[in-house]
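Step one of this worksheet: look at the structure below.
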Amino acid sequence: MATRRKTSSIAEKPPQGDSRPWPSAATEDPPLAPPKYGVVLAVSTACLLPFFYLLFVRYEIEGELRRSISICAAMSFGGFLVTLRMIPVAARYVLRRNLYGYDINKKGTPQGNVKVPESLGIVIGIVYLVIAILFQHFNFTADSNWLVEYNAALACICFMTLLGFVDDVLDIPWRVKLVLPSFAALPLLMAYAGHTTIIIPKPLVQYVGVPVLDLGWIYKLYMGMLAVFCTNSINIHAGINGLEAGQTVVISAAILIHNVMQIGASSDPEYKQAHAFSIYLVLPLLSTSLALLCYNWFPSSVFVGDTYTYFAGMAMAVVGILGHFSETLLLFFLPQVLNFLYSCPQLFKIIPCPRHRLPRFDPKTGLLTGTKDGTLVNLFLRLFGQCSEKTLCIRLLIFQAFSCLLCFWLRYIFAGWYK
Ligand code: UD1
Ligand code: MG
């Protein structure tokens, strides 16, 4: 990686017998800029208000389910506070181990020479896993049917976080990177005992011949491919301050709203349980990502690293798989799908693919210009003209939110006709 500096930990150790204290990063590096609470307060209000309104006011949901979701929400809020507290601490440690990057979209300005701590996704991953593991105490019993799949989902997320961190430290070649999520998805693919059938959309039943089709092992293959897509598509729709964490926050909020709507509209306990399950896995993802956004919003004082992009992508993939709403999930991922399709010629080396496919920054004006690289980021700049990095991120996140709204609208319009 051109912009990241990594050195061997052995080379950095003080000489044997040296009684001088280990150099403290706190004394060498300036403290992180204060977290941007204002932005995150506005974003969290917009994301969580509709969810809590639907949960407590709009729908009649059983008290037991509401209680479990409320416990999960309270634990997630605790996770938000812990993440806020831990990021500056972890940032000092990663800088001490020379794990940092330079902000490419600030090149040529004093900010472009600042070492920005990398891979802070490791904090989010750890806090998330602790919350999700502890939550089992409140919701599952030893003979709970859901326990195996819940823990398999956590194993996938944990494995993916590990591989993401390995990638950040070792800078794995792109082709290898692409397949890492298929290994991380193995715990779920092996433990999955749910159905492998799909409901054929009503307009297609006459062509397929059956209303429900059992895909068998092909369903598992599809699950693995979904995990590979979600992780990589988040990772390549990146490189702008706040975009990685921001897109995760928007999609997570949409998943929460979708799940609570499904619970509210259904009377089937199994179906409700599947959607409650998704809520338990997404609430801590949203809260810890909001804490990350406090530091990652423009101008970023930390970078999320592939640790975070892979972790977030895998968390959303397992939630979509186990909640049985992967088509809806893919509609929430519309910007990522478009970015992937637009990236294909470069990803598959039909045309040259540079290490970073980011816009061109003009230090005199502080504006970004779109390059010819096939990314949505560049396409937005070419379509809507030059703008600052912050404006570009806001535009891309608004597009993400509109894609989620479009998905809700499509589900509403086609309800009953499609499935
Ligand atoms: C993917 C993209 C690459 C993009 C990069 C940005 C593909 C095939 N790869 O690569 O085009 O440039 O993500 O994350 O599409 N950075 C910033 N500002 C930010 C975030 C990151 O300048 O807001 C830079 C920093 O130098 C940071 C580096 O990007 O160190 C991280 O890049 P990395 O995640 O390793 O890139 P890839 O995921 O391999
Ligand atoms: Mg990356």
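Key figures
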{"quantity": "Three principal axis lengths of the stretch 177-327 [C-alpha, angstrom, descending]", "calculated": "55, 36, 30"}
{"quantity": "Accessible heavy-atom area order of Met86, Met190, highest first, probe of 1.4 Å", "calculated": "Met190, Met86"}
{"quantity": "Charge dipole of the stretch 33-414 about the Cα centre (unit charges at C-beta), most positive-ward option of Leu392, Leu41, Met261", "calculated": "Leu392"}
{"quantity": "Largest-first ordering by accessible area, 1.4 Å probe, given options Cys158, Cys344, Cys393", "calculated": "Cys158, Cys344, Cys393"}
{"quantity": "Length-normalised contact order for the stretch 33-414 - Cα pairs under 8 Å, 6+ apart - percent", "calculated": "23 percent"}
{"quantity": "0 to 90° range, to nearest 10: angle between helix 121-139 axis and the chain longest Cα axis", "calculated": "30 degrees"}
{"quantity": "Virtual spin-label span in nm between Tyr412 and Leu186, 7 Å along Cα→Cβ", "calculated": "4.5 nm"}
{"quantity": "Dipole of the chain, positive end: most advanced residue of Tyr271, Ser252, Phe165 [Cβ charges, Cα centre]", "calculated": "Phe165"}
{"quantity": "Cα centroid of the stretch 377-419 to Cα centroid of the stretch 316-350, whole Å", "calculated": "14 Å"}
{"quantity": "Cα-projected label distance for Arg175 with Asp143, points at 7 Å along beta-carbon direction, nm", "calculated": "5.3 nm"}
{"quantity": "Cβ-Cβ FRET estimate between Gln136 and Asp362, R0 fixed at 51 Å, reported to 0.05", "calculated": "0.50"}
{"quantity": "Descending principal axes extents, the stretch 33-414, alpha-carbon based, whole Å", "calculated": "60, 48, 38"}
{"quantity": "Spin-label proximity, Asp268 to the stretch 398-419 - amide N less than 15 Å from point 7 Å beyond Cα toward beta carbon", "calculated": "416, 419"}
{"quantity": "Using alpha-carbon coordinates, inclination of helix 269-296 to the longest axis of the chain, degrees", "calculated": "20 degrees"}
{"quantity": "Mean Cβ count within 10 Å, highest first, over the residues of peptides 228-238, 162-172", "calculated": "228-238, 162-172"}
{"quantity": "Within straight-line cross-link reach of Lys106, aspartates and glutamates at Cα separation under 12 Å, skipping those fewer than 8 residues along the same chain", "calculated": "Asp362, Glu389"}
{"quantity": "Calculated P(r) of the stretch 321-367 - Cα pairs past 13 Å, %", "calculated": "71 percent"}
{"quantity": "GNM result for the chain, Cα springs below 10 Å: residue of Val179, Val319, Val123 fluctuating most strongly", "calculated": "Val179"}
{"quantity": "Check: the chain dipole with +1 on Lys, Arg Cβ and -1 on Asp, Glu Cβ, in debye", "calculated": "1220 debye"}
{"quantity": "Ranked by how many other beta carbons lie within 10 Å on average, peptides 262-270, 287-295 from highest", "calculated": "287-295, 262-270"}
{"quantity": "Accessible area of the chain divided out per residue, in Å², using a probe of 1.4 angstrom", "calculated": "46 Å²"}
{"quantity": "All Cα pairs of the stretch 295-419, percent lying beyond 20 Å", "calculated": "57 percent"}
{"quantity": "Surrounding net charge for Leu381, when Lys and Arg each add one and Asp and Glu each subtract one, Cβ distance under 14 Å", "calculated": "+3"}
{"quantity": "Carbon/sulfur fraction of accessible area - the chain, other protein chains in place, 1.4 Å, %", "calculated": "68 percent"}
{"quantity": "13 Å beta-carbon shell around Thr196, net charge (K/R +1, D/E -1)", "calculated": "0"}
{"quantity": "Semi-axes of the equivalent ellipsoid for the stretch 249-344, Cα gyration tensor, largest first, Å", "calculated": "26, 17, 11"}
{"quantity": "Sites Ile218 and Glu64 - FRET efficiency at Förster radius 30 Å, r taken between beta-carbons, to 0.05", "calculated": "0.25"}
{"quantity": "Dipole moment magnitude, nearest 20 debye, the stretch 267-419 about Cα centre, only Lys, Arg, Asp, Glu C-beta charged", "calculated": "520 debye"}
{"quantity": "Crossing angle, helix 146-170 versus the chain [Cα axis fit, 0-90 degrees, rounded to tens]", "calculated": "20 degrees"}
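The values are calculated or read from the model by the stated rules, or taken from the named source; none is laboratory data. Predicted model only: the values in this text are computed from it and were never measured. Neighbour counts are summed over all protein chains in view; Cβ atoms, including those assigned to glycine, are modelled from backbone coordinates with ideal geometry. In case anyone asks, the SASA skips ligands and DNA or RNA and just uses the protein heavy atoms, side chains included. Shrake-Rupley method; radii C 1.70, N 1.55, O 1.52, S 1.80 Å.
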